[in-house]
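The values are calculated or read from the model by the stated rules, or taken from the named source; none is laboratory data. Since the structure is predicted, the reported quantities are computational estimates derived from the model, not experimental observations. FYI the Cβ positions are ideal-geometry reconstructions off the backbone, even for glycines, and counts take in every protein chain you see. With ligands, DNA and RNA removed, areas are computed over all heavy atoms of the protein, side chains included. Shrake-Rupley method; radii C 1.70, N 1.55, O 1.52, S 1.80 Å.
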Amino acid sequence: MEDKGRESDHLMLITPERVFYAGLLGRPRKRTPGCCHVYVAVKGNLHLTIDDVLATGELFVTLPNQRHSIASDYRTAISVTLEPESMPDGVIEALAARLTGLDRAVYARKILAAYALLRQRRYGDITTAEFDEMCFGEALPRRVLDPRVMRAVARIERFSGEPVTADTCAAEAGLSASRFLHLFKEETGISFRSFRAWKRARHLLHFANQDLNLAHLAQDIGYPDSTHFSHSIRRFYGLKPRAIFVGSRDLAIYRSTETVRLAEAS
């Protein structure tokens, strides 16, 4: 499903477990996203800074919760994101090693070809396996979560009604809060609180090209107030919410069928 009436080389395809973004990076401030990023230069080079060490190249990978800044020689850059709970432990690290190894240029061309394909098709009906094949030439292994944790993840990703709490999810799972929190971290590799915070910030992407009242949006997606909203978005994206919306005015957003189904269930 797509936003109508937008013709632009800047686009974003959102699925529950992946995002393909081609657009502006904004000013190179530090960001700490809860996902894996694969950055690819459209033209020229990218400039990645981690722990005050600067590297320049055409493709970089950052791991979940790795603080970094990224800048580009060219106006448009590509960012492919992968949600860590969707894959078994070690898969992201192994993928990062492949992408930044001897075949780095091959993978960069593969992701650029995926961008060209998305610009032509402008569609969102894609599975995670198809997305991975398009970007990396292979379907990455899938993590199988405990059904009780899967229900909690689905609750968090609906973004409707009252904010999702660990107590609510624990009660639904028939567990004590402490046992549920341990199970959630054991299954996903992420604490419940960190997971919820990142997914809330990620949900902002669906609205990035819309003309909205940001205070109302913050409340709608579960932030207690505008200050909390602004601090959280800056931590994850390195940008103020307003800067994201200003830089996304010409962004075409496409959503996978599964993403649309989750939204309609909200």
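For region 27-68, a residue qualifies if it is of a type in the set (Ser, Thr, Tyr), within 28 Å of residue 119 (Cα to Cα) and open to solvent by 10 Å² or more (accessible area, probe 1.4 Å), and exactly one does: 56. Residue count for region 72-99, restricted to those that are in contact (Cβ under 8 Å) with a residue 12 or more places away in the chain, among the small types (Gly, Ala, Ser) and not in a helix (DSSP H, G or I): 3.
Under the condition of being in a loop (DSSP other than H, G, I, E, B) and modelled with pLDDT of 95 or more, which residue from region 100-133 is most open to solvent (accessible area, probe 1.4 Å)? In this case the residue turns out to be 102. Condition check for residue 206 on (1) open to solvent by less than 30 Å² (accessible area, probe 1.4 Å); (2) at pLDDT below 90; (3) closer than 16 Å to residue 13 by Cβ: one failure, at (2). The helices (runs of 4 or more DSSP H) located wholly in region 190-261 that include 3 or more residues which are of a type in the set (Gly, Ala, Ser) occupy 192-203, 226-237. Against the test of being of a type in the set (A, V, I, L, M), surrounded by 18 or more Cβ atoms within 10 Å (Cβ to Cβ) and assigned to a loop (DSSP other than H, G, I, E, B), the options 149, 153, 164 yield a single qualifying residue, 164.
Filter region 209-222 down to the residues that are more than 26 Å from residue 20 (Cβ to Cβ) and open to solvent by less than 70 Å² (accessible area, probe 1.4 Å) and list them by number.
Passing the criteria: only 215.
From the list 157, 172, 162, which residue is under 30 Å from residue 99 (Cα atoms) and either acidic (Asp, Glu) or in the same structural domain as residue 62 (by the TED database) (or both)?
Matching residue, one of 157, 172, 162: 157.
Of the residues examined, residue 152 is not one that is modelled with pLDDT of 95 or more and assigned by the TED database to the domain that holds residue 31.
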